[in-house]
Each structure stands twice: as structure tokens, then as C-alpha cells.
1. Only one of (1) open to solvent by 20 Å² or more (accessible area, probe 1.4 Å); (2) part of a strand (DSSP E or B) is not met by Pro101, so which one is it?
2. Which condition number in (1) over 25 Å from the mean Cα position of the chain (by Cα); (2) at pLDDT below 90; (3) under 27 Å from Leu324 (Cβ atoms) is the one that Pro134 fails?
3. Go through (1) touching a residue at least 40 places away in the same chain (Cβ under 8 Å); (2) closer than 26 Å to Glu10 by Cβ and name the single condition Ala347 misses.
4. Please work out if Pro69 is touching a helix residue (DSSP H, G or I) at 6+ places or on another chain (Cβ under 7 Å), open to solvent by less than 40 Å² (accessible area, probe 1.4 Å) and at pLDDT below 95.
5. Listed residues Arg281, Arg288; which is open to solvent by 50 Å² or more (accessible area, probe 1.4 Å) and on the phi < 0 side of the Ramachandran plot?
6. Scan the range 154-176 for residues that are more than 15 Å from Ala226 (Cα to Cα), under 23 Å from the mean Cα position of the chain (by Cα) and either among the polar types (S, T, N, Q) or open to solvent by less than 40 Å² (accessible area, probe 1.4 Å) (or both) and report the count.
7. How many residues are in contact with a strand residue (DSSP E or B) (Cβ under 8 Å, 6 or more places away or on another chain), among the acidic types (Asp, Glu) and closer than 22 Å to Thr241 by Cβ when one looks only at the range 261-304?
8. Here are the criteria: (1) under 30 Å from Leu132 (Cα atoms); (2) not in a loop (DSSP other than H, G, I, E, B). Tell me which single one Asp39 does not satisfy.
Amino acid sequence: MNGRGALDAEIARIAEAFRGAGATLVDLPVLQPAETLLDLYGEDIRARAYVTRDPLAGELMLRPDFTVPVVQMHMEGGANPARYAYAGKVFRTQDRSSDRPPEFDQVGFEILGGEDPAPADAEVFTLLSQVLAPLPLRVTIGDIGVLMAAVQGLTTPENRKAALVRHIWRPRRFRALLDRYSGRAPVPPARAALLERVARGKDVLADAGPLVGLRTREEVAERIAALAADAQEPPLPAAETDLIDQIVTLRETAPSALERLADIAVDLPAIMPAVERLEERLEALAARGIDIAALEFEGGYGRSSMEYYDGFVFGFHAAARPDLPPVATGGRYDAMTRALGCGAEIAAVGGVVRPAALLSAREAGQ
């Protein structure tokens, strides 16, 4: 069987397994409205997607992923529980240093709706585990919901919390903000000079010259006022910053990570509900025969992937081929259903398999 034939056979095998789990196989347009993705992720998505324009439909993107159009389709048709499967190509730009193709196949499975998230999380993870067996893969899990809860538990103004949550999926920016709010990073010289002028009562826009960019003079003034107000806020307590650091750097087996997070929750009670959900999830995984002691938990896992995951996240990696992208990934994305459902949020979890990476991992393991 040639390369494409083997890939098509693998796609058919995985899709059939997902259909066997009760999913409806759906076919979604390759061209997606850019406005939806821009509303969800902001302008950052442009750097990862192929954008074009239609004289009637407006700005469009080659689909960078399936989950968003699946959720949009589901929420437009009502919020009744449903299962979906899909197979096809997605399109993402790559760095110059990358040898990964800009288009590749995905086969996915999504569960939308339902009352109890832990069993659904465990079902999706277990189904993908079975589809990938018996490949020797390194499995990593995480929970972005723990970090989001930790940020909400900080003793800092709401605008700072909102900024940190907004940049959870941008680890470098998140770190820079955390260092700034905690006083661990010096204020950039240009900003320090600006704030000093504001503190002396100077009109910093009086001699600024013509405006460059899309912001109005009023918007620039509001931004300067916000920066000045933020500079007056007390720094984050070092103990709280240290707790955030402990969460994002946590790397243990799942049971040990659960114990460590429970210890952190003593000093940061806001994360306790998320820790309890993690415990319920691990129990559900164990009930399905998953060896949870063999699962590696990373507190920062999933923060550099698509920005809709807000809870459980997981990935299967080929240990013998570290150059490959993850063979499969997935997670929980309840908040996205609210964004696409005009406020009607439902539970949602899913995962995708990259069949080309799966075949490469299988060849490496032979």
C-alpha cells in the first residue's frame, strides 16, 4: 500500500472507531468566516492561519482546526447532547525553521452536552488511547482550569486578573505580566519616563505630534491613565507569585501532582474546586482501566496550543520521534461554547488524532 493509501486506511479506521462510540460523522467547509476566529482569539490567529477575502462573504480563513466550526454548528442547532466525528485537512502556517507541512489531516471526536464532565473527559481520553494502542507513546495530561482558578484567587485588581487570564495561552507574555505585577521586573525606561511625566501633572499628549496608528487621541489618553493607575497598585505578594510558579512548573505523576495541588490549595483556596474536579477525573480514568500512575501531569501543559482549552488537556507523543508533532491531543473547552452560543454554555470535550504522525510513530517503533 502506498503512502497515501496507508494514510487513507488509517483515517478510515480511526473515523470508524469514533462512529462506533456513537459519533455522527460531519463534513465541514474548508473556508471558515474569519470574524468568528478573530472574535475568539484576536489578531494573533492571523499569524497561524491562511486568510483570504471573498467579495460577498468577506474575510475567510482556511480552517486551522475543526473544533470551532463543530461547536458553532452544534450551538446553532440547539444545545442537546451530541457526539461528532470528522476527518479532513486543516491548514496552519509554519515557522521557517519548521519542516512540518502547512496542511495535514486530522480525525477528531467531540462530546457536547451532558451533566457530568469527569466521565466524558475519561471517555474521550480512553477512546483515543484505544485508537492509538499498542504504540509506545509518552502521555501527558494537565488542567488549565487550575491555573485559571489560581489567577482568580490572587489579591490583585480585577483588571490585572483579566490580563493574566487573557495571556494564559501566551506563556512569555503571562510571565512578563506576572513579573511586572509582582515587582520582580523593572519598569521599562520609556514607560517609567512616561509615568514620571504623568505624576508631575504633565500633559504627555500636548507635544506628542501627529498620531500614528488606529487609536484615537482619547483612546491613547485612556491607556495612559490606565497605566498610571496600575503603577499605583501594590505589588503582588511574593507568596502568591510563588504559588503560581509552583503550579506552572509542576511536573509529577498524576497522583503525586494531585497531592501537591491539594497542598497548594491550603494557601490558595480558590483552586480547590478545580483540584476536586481533577481528582474526580482521575477516578473516572482509573475506572476505565487507565493506569493513572503512568500519566505525567504538567501544570503548564497545553498553554501553547489552540486557545480554547479551559480545563482538562492531554497529549500523546512519540518518544522515539521527538521531532514529530503530538500524535493526538485534546481537552475540555466549555467556555468556547458560551462564546459561540450567545451565552448558552454547555459542557464540551474532544480530541484529535494526526494520522500521519501516528504512521510515522508506528514505523519508528517497529
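1. That leaves (2) as the condition not met.
2. Looking at each condition in turn, Pro134 falls short on (2).
3. Of the numbered conditions (1) touching a residue at least 40 places away in the same chain (Cβ under 8 Å); (2) closer than 26 Å to Glu10 by Cβ, the odd one out for Ala347 is (2).
4. no
5. Arg288
6. 7
7. Selection size over the range 261-304: 1.
8. (1)
The values are calculated or read from the model by the stated rules, or taken from the named source; none is laboratory data. Just so it is clear, the structure is predicted and the values come from calculations on it, not from any experiment. Virtual Cβ from ideal backbone geometry, glycine too; neighbours counted across all protein chains shown. Please note that ligands, DNA and RNA were not included when accessible areas were found on the heavy atoms of the full protein model with its side chains. Shrake-Rupley method; radii C 1.70, N 1.55, O 1.52, S 1.80 Å.
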